[in-house]
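Enquirer: Supplied in structure tokens, the structure appears directly below.
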Amino acid sequence: MKKGLVLEGGALRGLFSAGVLDVMMEQGLIFDGAVGVSAGACFGCNYKSEQKGRAFRYNKRFCKDWRYNSYRSLLLTGDMYGGKFCYHTLPKKLDVFDVETYQNNPMQFYCVATDAVTGHALYHNCANGTDEDLEWIRGSASIPLFARPVFIDGHYLYDGGVSDSIPIRFFQKSGYEKNVVVLTQPETYRKEPQKHLDIVKVGLRKYPKMIERLANRYKEYNETLDYIRQQEQEGDILVVRPKEALNIAPTEHDPKEIERVYQLGREVGQEEIERIKVYLDESE
């Protein structure tokens with residue numbers, strides 16, 4: 001059976017996932033493939049490059065740097081998370097992304113983005129970890145109104161969470177029969193309707209399909225949660241999630257908060273690691 005790893009996004013809630021992933025890497029857990037959405041893609045790609053601690057390290061190091069994550073960056077560049085700094089300067093010069101190891105690791109890594117024109121989910125196999133793949137990951141994390149759409153391969157890309165926040169069905173259809181799903185919201189969470197839809201309609205007037213997806217996103221997300229719970233109860237998937245709301249801002253600049261959420265992920269990862277091992281061993 002093919003083993004899959006499914007990673008939800010959620011901006012800096014993704015630091016929880018980073019903590020879980022680092023524990024799994026330390027334990028030597030191997031997956032045939034992984035798929036990440038938004039922050040799940042940004043941080044999850046380090047699993048394929050085998051860089052334990054990297055996502056936590058650079059988030060803590062640069063959380064006060066305006067080029068990394070700030071309203072100043074949004075005003076000056078059009079992106080809350082600076083496109084050039086986060087996806088080119090940082091991985092090439094400041095905390096180097098190990099492209100060679102990434103390419104040599106046979107694990108497949110996919111990111112999910114939303115086509116701004118059609119509103120459909122796009123699933124990209126990030127096979128090389130080079131500039132093209134990093135731009136797809138940037139598109140996967142480009143939150144409408146807080147980032148420009150990323151144009152690549154004939155598509156304008158926005159945040160994958162708009163069209164497929166938790167791509168468990170995609171991986172199951174792709175042949176992954178044993179999936180570990182890492183969520184960034186607690187079990188009691190339910191998404192509410194999009195706030196400030198009038199502002200969204202103005203800001204995204206060029207992309208009516210995006211407006212439609214955002215208006216209905218809460219229904220699709222909650223239906224996916226229902227499906228995940230059913231699959232979990234039947235033993236078809238294993239879910240790792242925080243015990244309570246993480247309560248971290250998407251523009252958090254306090255290193256202590258970065259540390260707190262990452263350590264929560266490590267704690268849950270350590271609590272769940274034996275259960276994960278047993279679940280994955282059943283596929284041997």
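Enquirer: If you go through the range 7-20 one residue at a time, how many are open to solvent by less than 10 Å² (accessible area, probe 1.4 Å) and not in a loop (DSSP other than H, G, I, E, B)?
Expert: Summing the residues that are open to solvent by less than 10 Å² (accessible area, probe 1.4 Å) and not in a loop (DSSP other than H, G, I, E, B) in the range 7-20 gives 9.
Enquirer: Scan the range 90-121 residue by residue and report those that are without any contact (Cβ under 8 Å) to a residue 40 or more places away in the chain and surrounded by 15 or more Cβ atoms within 10 Å (Cβ to Cβ).
Expert: Within the range 90-121, just 90 meets the criteria.
Enquirer: Another question about this same structure. Got at least one residue in the range 39-55 being open to solvent by 20 Å² or more (accessible area, probe 1.4 Å), within 17 Å of the chain's Cα centre (by Cα), over 14 Å from residue 252 (Cα atoms) and of a type in the set (Lys, Arg)?
Expert: Among the residues of the range 39-55, at least one is open to solvent by 20 Å² or more (accessible area, probe 1.4 Å), within 17 Å of the chain's Cα centre (by Cα), over 14 Å from residue 252 (Cα atoms) and of a type in the set (Lys, Arg), which makes the answer yes.
Enquirer: Output the residues belonging to the range 245-276 that are more than 30 Å from residue 73 (Cβ to Cβ) and open to solvent by 60 Å² or more (accessible area, probe 1.4 Å).
Expert: Scanning the range 245-276 gives 267, 270, 271, 274, 275.
Enquirer: Which residue pairs have Cβ atoms under 7 Å apart, sit 6 or more places apart or on different chains, and have a first residue in the range 14-26 that is under 21 Å from residue 165 (Cβ atoms) and a second that is among the β-branched types (Val, Ile, Thr) and open to solvent by 10 Å² or more (accessible area, probe 1.4 Å)?
Expert: From residues that are under 21 Å from residue 165 (Cβ atoms), the pairs are 20/268.
Enquirer: Tally up the residues in the range 202-222 that are loosely packed, with under 14 Cβ neighbours inside 10 Å and either over 23 Å from the mean Cα position of the chain (by Cα) or touching a residue at least 40 places away in the same chain (Cβ under 8 Å) (or both), please.
Expert: 5
Enquirer: Of all residues in the range 98-122, which are farther than 13 Å from residue 158 by Cβ and either modelled with pLDDT under 95 or in contact with a Cys (Cβ under 8 Å, 6 or more places away or on another chain) (or both)?
Expert: 102, 109, 110
Enquirer: Return yes or no: is residue 28 in a loop (DSSP other than H, G, I, E, B), modelled with pLDDT of 95 or more, more than 17 Å from the chain's Cα centre (by Cα) and not acidic (Asp, Glu)?
Expert: When the stated conditions are applied, residue 28 passes them.
Enquirer: Residues being touching a strand residue (DSSP E or B) at 6+ places or on another chain (Cβ under 6 Å), crowded, with 18+ Cβ neighbours inside 10 Å and within 21 Å of residue 73 (Cβ to Cβ): count how many of those fall in the range 122-158.
Expert: 12
Enquirer: Right, another one. Check off (1) in a loop (DSSP other than H, G, I, E, B); (2) among the acidic types (Asp, Glu); (3) farther than 28 Å from residue 251 by Cα for residue 177 and give me the number that stays unchecked.
Expert: Residue 177 satisfies every listed condition except (1).
The values are calculated or read from the model by the stated rules, or taken from the named source; none is laboratory data. From a predicted model like this one, the values you see are computed outputs, not experimental measurements. Because the Cβ atoms are built from the backbone with ideal geometry, glycine has one as well, and the counts that use them run over all protein chains shown. Accessible surface is based on the protein model in full, side chains and every heavy atom, while ligands, DNA and RNA are left aside. Shrake-Rupley method; radii C 1.70, N 1.55, O 1.52, S 1.80 Å.
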